[in-house]
Amino acid sequence: MGKLTADEQKEYERLKARLEHQPTVYGYARVSTHAQAKDGNSLEAQTEALRGAGAMEVVSDAYTGTKTDRPELNHLLEKMQEGDTIMVTKLDRIARNLKQGIELIDGLAERGIKVHVLNMGLIDDTSTGRLIRNIMLSFAEWERDTIMERTREGKEIAKTKEGYKEGRPRKYTDAQIDLALELLKEYSYKQVTEKTGISRATLVRAKQKTISV
């Protein structure tokens, strides 16, 4: 056998790696940052379910559902090889719309990588499997859009009500803040914080407002 060319050597190394590779089941968990512990979808709950189903390694991303930048998933997909399996608790963990899901799953199938969804099973690369996949992805996209629409509608209704303020509601009333400021005349910030639960930063801001008035 003569000396291999650079391209032949590269192909030889690739085939050798494939032969030596032990198929691995990877778990992937993802959650929206504002709903981490809701409906059993926390990262901890997903990780436990994935490991219980046989995942050898679990990686996760914590981003809101509308973002497509998922660094841990991207890194995982890059290192996966033919024969490996990516496992998720639900199909919408790896894709939140039909187009993205089809491209991702079809791309994995072409590489010989299996997709296992715990509430569906293995997604077969058959006409029936693709139909079920598309239906589930379409439902996930519809569900997400519906939630976003209801959130916007609720916000618009709230804006029409007296006393509505944009942003996070206040944790303490004016009366509670005033009482804490009175306590500051005799006690330290640390003591007042311990007695009232109001943070030092909140007390400092409130005191500065009274000085500037």
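Across the range 81-92, what is the total count of residues that are modelled with pLDDT of 85 or more and closer than 19 Å to Met120 by Cα?
Taking the range 81-92 first, the residues modelled with pLDDT of 85 or more are 81-90.
Adding the requirement that they be closer than 19 Å to Met120 by Cα leaves 84-90.
Counting residues in the range 81-92 that are modelled with pLDDT of 85 or more and closer than 19 Å to Met120 by Cα gives 7.
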Return a yes/no flag: does the range 32-39 have any residue that is surrounded by 11 or more Cβ atoms within 10 Å (Cβ to Cβ), assigned by the TED database to the domain that holds Arg93 and modelled with pLDDT of 75 or more.
-> no
Unique residue being at pLDDT 90 or above, loosely packed, with under 12 Cβ neighbours inside 10 Å and either in contact with a Cys (Cβ under 7 Å, 6 or more places away or on another chain) or assigned to a helix (DSSP H, G or I) (or both) when the list is Glu48, Glu78 | Glu78
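Taking the residues in the range 4-31 that are of a type in the set (Val, Ile, Thr) and at pLDDT below 90 as candidates, determine which candidate is farthest from Lys114 (Cα to Cα). Write out each step before concluding.
Kept after step one, since they are of a type in the set (Val, Ile, Thr), are these residues of the range 4-31: 5, 24-25, 31.
So of that shortlist, the ones also at pLDDT below 90 come out as 5, 31.
Values: Thr5: 33, Val31: 22 Å.
Checked the range 4-31; the qualifying residue farthest from Lys114 (Cα to Cα) is Thr5.
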Residues satisfying the stated conditions in the range 103-136, i.e. more than 15 Å from Leu77 (Cβ to Cβ), part of a helix (DSSP H, G or I) and not polar (S, T, N, Q) | Gly129, Arg130, Leu131, Ile132, Arg133, Ile135, Met136
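The values are calculated or read from the model by the stated rules, or taken from the named source; none is laboratory data. Given the structure is predicted, the values throughout are model-derived calculations rather than measurements. Note that we place each Cβ from the backbone using ideal geometry, even for glycine, and neighbour counts take in every protein chain shown.
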